[in-house]
Amino acid sequence: MASRRRRPEHGGPPELFYDENEARKYVRNSRMIDIQTRMAGRALELLYLPENKPCYLLDIGCGTGLSGSYLSDEGHYWVGLDISPAMLGKYVLFGTRVDYPDGCREATGIVSFSDCFFSNVDEAVDREIEGDLLLGDMGQGIPFKPGTFDGCISISAVQWLCNANKKSENPAKRLYCFFASLFSVLVRGSRAVLQLYPENSEQLELITTQATKAGFSGGMVVDYPNSAKAKKFYLCLFSGPSTFIPEGLSENQDEDEPRESVFTNERVPFRMSRRGMVRKSRAWVLEKKERHRRQGREVRPDTQYTGRKRKPRF
């Protein structure tokens with residue numbers, strides 16, 4: 001899962017990484033626009049919304065509104081949440097601000113596209129976009145009343161919560177706050193589809209564990225699992241009774257191999273999971289470190305010396 005290139009979330013907080021230069025790429029770069037639009041279309045497909053019925057959707061990490069524009073083209077209404085003023089401001093340069101919904105700690109305002117006009121012709125912003133924007137941090141919760149939205153999508157945003165940019169930030173707590181508030185604002189029985197780029201299996205397990213703890217059920221759908229570039233992860237979450245998990249796309253759709261991993265609330269007995277392990281052995285040490293990672297503790301990375309017996313001193 002890890003990429004050889006430096007990951008954006010390692011360079012600092014998202015509100016600093018997504019500056020004016022990055023926002024301009026999401027407006028001018030046709031390849032980036034095409035990728036974001038296709039991922040938004042796939043996320044909307046996995047929501048399994050009723051046909052010919054407009055729904056009220058939440059877009060987490062909406063950025064410059066590419067995924068929201070696709071939602072509008074499909075006849076849905078949406079509200080976008082993003083932490084970067086530069087990404088939001090690339091479209092909304094002037095607008096009418098109103099107060100946040102009740103319960104939000106930072107009343108920075110909502111901007112409505114219907115009350116705005118675009119002033120930068122050089123950015124080729126000549127298409128109309130409908131939807132409301134909210135400037136805020138998803139790690140602090142989603143400030144809407146319970147049962148507000150019929151579904152939620154997110155494109156390349158959730159993995160940012162797995163990194164702490166301040167000493168006071170705890171990734172596990174921020175993920176739980178996000179998932180708990182998301183579970184609250186969704187209509188019971190609806191879905192949330194979150195496209196993300198996990199750095200490793202530990203990070204993926206941290207995300208799914210906090211989602212399960214918040215009340216969600218569901219699983220991970222992997223599109224094109226054998227491709228290095230086209231491989232995409234979609235976390236499909238259910239806010240009601242568990243239903244079937246869609247199959248991921250592949251180069252050969254005739255294959256019957258499973259394309260998703262499922263996580264549930266079922267617990268494996270502790271004694272059963274450790275049966276046959278010798279205390280202080282390498283397998284015992286690795287299992288203990290993995291358990292601490294799931295609990296959100298700080299654990300040293302695994303190396304070739306992990307669990308290695310040292311020679312007695314003189």
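At a glance:
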| read-out | value |
| --- | --- |
| Note, ³J(HN,Hα) from phi for region 219-235, Karplus 6.51, -1.76, 1.60, rounded to Hz, x at Gly and Pro | x, 9, 9, 10, 8, 6, x, 8, 9, 6, 9, 8, 5, 9, 10, 10, 8 |
| Residue pairs, from the table K167/K232; K166/K289; K173/K229; K173/K289; K25/K213, whose Cα atoms sit over 27 Å apart | K167/K232; K173/K229; K25/K213 |
| Stretch gain in nm, segment E247-Y48, where the contour uses 0.36 nm per residue and the Cα spacing is subtracted | 70.3 nm |
| Cα→Cβ-extended label distance, 7 Å offset, between D19 and T148, nm | 3.2 nm |
| Calculated FRET efficiency for the pair V299/I35, C-beta based, R₀ 35 Å, to 0.05 | 0.55 |
| Area of V193 that stays accessible when all protein chains are in place (1.4 Å probe, Å², to 10) | 0 Å² |
| Heavy-atom accessible area order for R191, R291, R279, largest first, 1.4 Å probe | R279, R291, R191 |
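The values are calculated or read from the model by the stated rules, or taken from the named source; none is laboratory data. On a predicted model such as this, the values are computed, not experimentally measured, just so you know. Heads up, the Cβs are rebuilt from the backbone with ideal geometry, glycines too, and the neighbour counts pull from every protein chain shown. Areas reflect the complete protein model, heavy atoms only, side chains present, ligands, DNA and RNA absent. Shrake-Rupley method; radii C 1.70, N 1.55, O 1.52, S 1.80 Å.
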